[in-house]
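Let me begin by presenting the structure, written as structure tokens, before commenting on it.
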Amino acid sequence: MSTKEIKTACNRDCPDACGMIARVEDGRVVELRGDPEHPVTRGFLCYRTNRFLKRQYHPDRLTTPLVREGDSFRKASWDEVLDRIATTMKTIRDESGPTAILHYRSGGSLGIMKHVTDTFFERFGPTAVKGGDICSGAGETAQITDFGLSDSNDLSDLLNSRTIVLWGKNPHVSNVHLLPVLKEAKENGARIVTIDPVRHKGAGLADLVLQPRTGGDLALALGVAHRLFDHDGIDPETSEYCDHFPEFERLVRSRTLPEWAAMADVPVNGLEAFAEMYAEGPAAIQIGWGMQRRRNGSTIVRAVDALATVSGNIGIPGGGASFYFQRRGAFDTSFQKGNAVAPRLIPEHSLGRSILSADPKVRMVWVTCGNPVATLPDSHATAEALRTRDLTVVVDSFLTDTARSADIVLPVTTMLEDDDLVGAYGHHWIAEVTPVVQAPGEVKTDYEIVQALAPKVGLKGEFQEPVKAWKEKMLNTDNLSALVTGAIRNPGAPQVVFADRTFPTASGKVNLLHDPDLAIPNPPPDYPLQLMALSTRKAQCAQWEGEEPEGPIVATVHPDSAPGFTGGDVAALESEMGTLGVQLKFDDRQRIGLVLVDKCGWLSSGQSANAITPAWETDAGGGAAYYETPVRIRPA
Ligand SMILES: Nc1nc2c(c(=O)[nH]1)N[C@H]1C(S)=C(S)[C@@H](COP(=O)(O)OP(=O)(O)OC[C@H]3O[C@@H](n4cnc5c(=O)[nH]c(N)nc54)[C@H](O)[C@@H]3O)O[C@H]1N2
Ligand SMILES: Nc1nc2c(c(=O)[nH]1)N[C@H]1C(S)=C(S)[C@@H](COP(=O)(O)OP(=O)(O)OC[C@H]3O[C@@H](n4cnc5c(=O)[nH]c(N)nc54)[C@H](O)[C@@H]3O)O[C@H]1N2
Ligand code: SF4
Ligand SMILES: [Mo]
């Protein structure tokens, strides 16, 4: 028996980008564990990747290309499918121009090599691509507007904080490698505040818990700033490095502190307690990704940025308003121009309806690293849009909801078979993804698919380069060889971002929020509850590790949100878009008015919250306002 242990990295859409060690026996991975030498991974993986081998060796994995025949699929050869795809692509480009082809890529793998697939479509067209970003577009746009850049102090810098605010963030589920840092910070004497309308495990770490109304964070941030203005908590140098400071002060003083507290629906003494802790800095705010998926999501992040700035917490150790780490910061992908040259952007938050109504028509869609039918709002429209094109190609390793809507499905490698590089959006380390085992059957990597297709559409040259050449192009060679022995810290990443208090904005100063729309969207009286479909530790978005839930989806509510029902009841959850079967679970720690379910259940299992979620856009950045769907509970 041959046994070896190989270092690799996790490429999943997760802030942590863990270092992993794969134990391989006779060509089969028998164990995956966290790399103890990776300073962020610290030797452990999350619940879902600890179970990844179920997915790796799942009997449903696709091993050959599939071609639609009526309502089902037949197996086909690569030659057959690639010839058909190439012919269709060229015909559509001749007849309708490349804008009639949409290349849609999501976060199935955060590998940097996936940019090469984008490049292929750019060179062939450029074709249409998605516009906006449903995941983090609102928050990133907010931070770019305020600071010129969205980046964070080093993760370990939290150990310099006196106060850490988890603002709309659930690290026990979505960012588990933040937990050891938080625990260490606590041992050093830091206090933790959690601010989330949903009561989750993070509250257990906290010295103060606030549960504002959803979207009320804007008022909460301004209320805290109000108290800082009245209690000597403002950095005296603020006006030197900020634009719009007087307007920001006017905005903050346009309401009294109790009025801001009422708008946020938190007790006045809770807001005051938070402001007192925050004023005793350095104070770091960890801005969660969930909070910005709202119609006022970008404004909320701008208000939080402004609070962090005027309190003097930007550009200092232990401070910050951390939303994102520049995960591509160590890589040069300038060979690809992206949205700058794309002739057409199809808004991601409303992908299905936007394809259906596009004029001129979108005739072909290529989906890679994504399952938009399950994961984007308005699942039925997305499925219909994909089913009604001249050609829809889906590249995946499972017959997902999206693959089921395709004409051709191409089988792709998993992260244990791929060859790539990853950066993280939750820390500054980069690592190499190593193919630890061979792909089964006729499975190819995304790059191998492009390599095979390129000559058939008249693109040669760069797409015949080996992976190593691309990696070297994207990262300097010395670093590439350093990566073989494990992760390295991006040498260009700051320890403290904006330490010199100059900002890559037009004026070089922080652009403080000053003229926001203060309205907080409310559900209408006939659908008085709000549906929030949130991340679960059991799944990576719509990848359920072979444990897809069955039966009605569990909906957690405060008992007063469902009068006349009892916990355990099966009920119908209705929105204006349709009905979802749910089983009610009562939890009186939750806010009245919220309905909590796991995100990204499959449409084909009747579990898709997105089937009843309208395609609402965030106020900036083209995000999806996932968590505002007005619903009501009816007897089943
Ligand atoms: N286990 C697991 N981990 C994951 C994922 C997964 O599917 N499963 N998904 C990954 C992905 S795609 C991403 S983008 C990241 C981040 O994934 P997210 O799921 O965005 O994670 P969080 O940043 O924790 O944000 C969720 C929190 O935001 C809160 N929130 C929502 N609305 C509001 C509001 O109005 N105010 C406040 N204060 N809070 C609000 C929710 O109640 C929730 O606790 O995690 C990744 N990690
Ligand atoms: N209601 C609601 N919906 C949400 C969210 C929410 O909070 N609420 N969260 C949203 C967020 S933050 C995000 S980021 C999206 C995520 O949306 P998606 O990115 O669509 O999520 P996944 O289900 O992870 O789909 C990724 C697919 O890529 C495949 N894959 C994995 N590796 C590779 C590879 O190397 N190549 C190819 N071609 N495919 C690969 C996987 O098998 C999987 O089917 O979901 C969003 N949807
Ligand atoms: S999904 Fe995230 S936490 Fe889990 S192993 Fe991958 S990078 Fe680490
Ligand atoms: Mo995401």
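The values are calculated or read from the model by the stated rules, or taken from the named source; none is laboratory data. What you see is a predicted model; the values in this text were computed from it and never measured. Because the Cβ atoms are built from the backbone with ideal geometry, glycine has one as well, and the counts that use them run over all protein chains shown. Note: areas computed on protein heavy atoms with side chains; ligands, DNA, RNA excluded. Shrake-Rupley method; radii C 1.70, N 1.55, O 1.52, S 1.80 Å.
Among THR445, LEU518, HIS380, whose Cα projects farthest towards the positive end of the dipole of the chain, with charges put on the beta-carbon of Lys, Arg (+1) and Asp, Glu (-1)? The residue sitting farthest along the positive end of the dipole is THR445.
If only the Cβ of Lys and Arg carry +1 and only the Cβ of Asp and Glu carry -1, the dipole of the stretch 482-615 around its Cα centre is close to 720 debye. The length gained by stretching the chain between ASP60 and ARG387 to full extension, at 0.36 nm per residue less their Cα-Cα distance, is 115.5 nm. Accessible surface of the stretch 529-635, 1.4 Å probe: 47 percent of it comes from carbon and sulfur atoms. For GLN530, the amide hydrogen comes within under 5 Å of the amide hydrogens of LEU594, VAL595, VAL631, counting only partners 5 or more places away or on other chains and with H modelled in the peptide plane. Note on the stretch 326-422: with charges restricted to the Cβ of Lys and Arg (+1) and Asp and Glu (-1), its dipole about the Cα centre is near 420 debye. Ignoring lysines fewer than eight residues from LYS114 along the same chain, the ones with Cα atoms less than 17 angstrom from its Cα are LYS130, LYS337, LYS444, LYS468, LYS471, LYS473.
Rounded to the nearest 20, the Cβ-based charge dipole of the chain about its Cα centre (Lys and Arg +1, Asp and Glu -1) stands at 980 debye.
Of all DSSP bridge pairs formed entirely within the chain, close to 45 percent run antiparallel. Highest-first packing order for the peptide set 433-445, 104-116 is 104-116, 433-445, based on the mean count of other beta carbon atoms within 10 Å.
How many percent of DSSP beta bridges within the stretch 529-635 run antiparallel, rounded to 5? If I count the DSSP bridges inside the stretch 529-635, around 60 percent turn out antiparallel. Using a simple spin-label model with pseudo-atoms 7 Å out from Cα toward Cβ, ALA519 and ARG489 lie 4.7 nm apart. Projecting the Cα atoms of LEU32, LEU53, ALA17 onto the charge dipole of the stretch 3-56, computed from C-beta unit charges around the Cα centre, puts LEU53 farthest toward the positive end. What the Cα convex hull of the stretch 66-185 gives, in volume per residue, is 203 Å³. The packing ranking, built from the mean of other Cβ atoms within 10 Å per residue, places the peptides 275-281, 524-530 in the order 275-281, 524-530, highest first. The alpha carbon convex hull volume per residue for the stretch 3-56 rounds to 72 Å³.
Considering every alpha-carbon pair of the stretch 399-488, the percent of pairs per 5 Å bin, from zero through the bin containing the longest distance, is 3, 12, 17, 19, 19, 15, 10, 4, 1. Taking 45 Å as R0, compute the FRET efficiency from the Cβ-Cβ separation of GLU5 and ARG84 and round it to 0.05. For GLU5 and ARG84, the calculated efficiency is 0.60.
Note on THR333/ASP232: beta-carbon distance plugged into 1/(1 + (r/R0)^6) with R0 of 60 Å gives a FRET efficiency of 0.85.
Counting only protein heavy atoms and a probe of 1.4 Å, the accessible surface of the stretch 132-184 is 55% carbon and sulfur. Using a 1.4 Å probe on the protein heavy atoms, what percent of the accessible area of the stretch 394-510 belongs to carbon and sulfur? Carbon and sulfur: 52 percent of the exposed surface of the stretch 394-510. In the chain, with Lys and Arg counted as +1 and Asp and Glu as -1 at Cβ, which of these residues, VAL116, PRO435, GLY216, has the Cα nearest the positive end of the dipole, that is, farthest along it? With unit charges placed on the Cβ atoms, the residue in question is PRO435. Multiplying the residue separation of GLU69 and ALA340 by 0.36 nm and subtracting their alpha-carbon distance yields 93.7 nm. Cα centroids of the stretch 534-585 and the stretch 481-529: 32 Å apart. Between ALA506 and ASN269, full extension at 0.36 nm per residue minus the direct alpha carbon distance yields a gain of 81.4 nm. Quotient of the Cα radius of gyration of the stretch 529-635 and 2.2 N^0.38 Å, N being its number of residues: 1.04. Diffusion of the chain by Stokes-Einstein, at 20 °C in a medium of 1.002 mPa s and with Rh set to the Kirkwood radius over alpha-carbon pairs, works out to 84 µm²/s. Solvent-accessible surface of the chain, averaged per residue with a 1.4 angstrom probe and all protein chains in place: 36 square angstrom.
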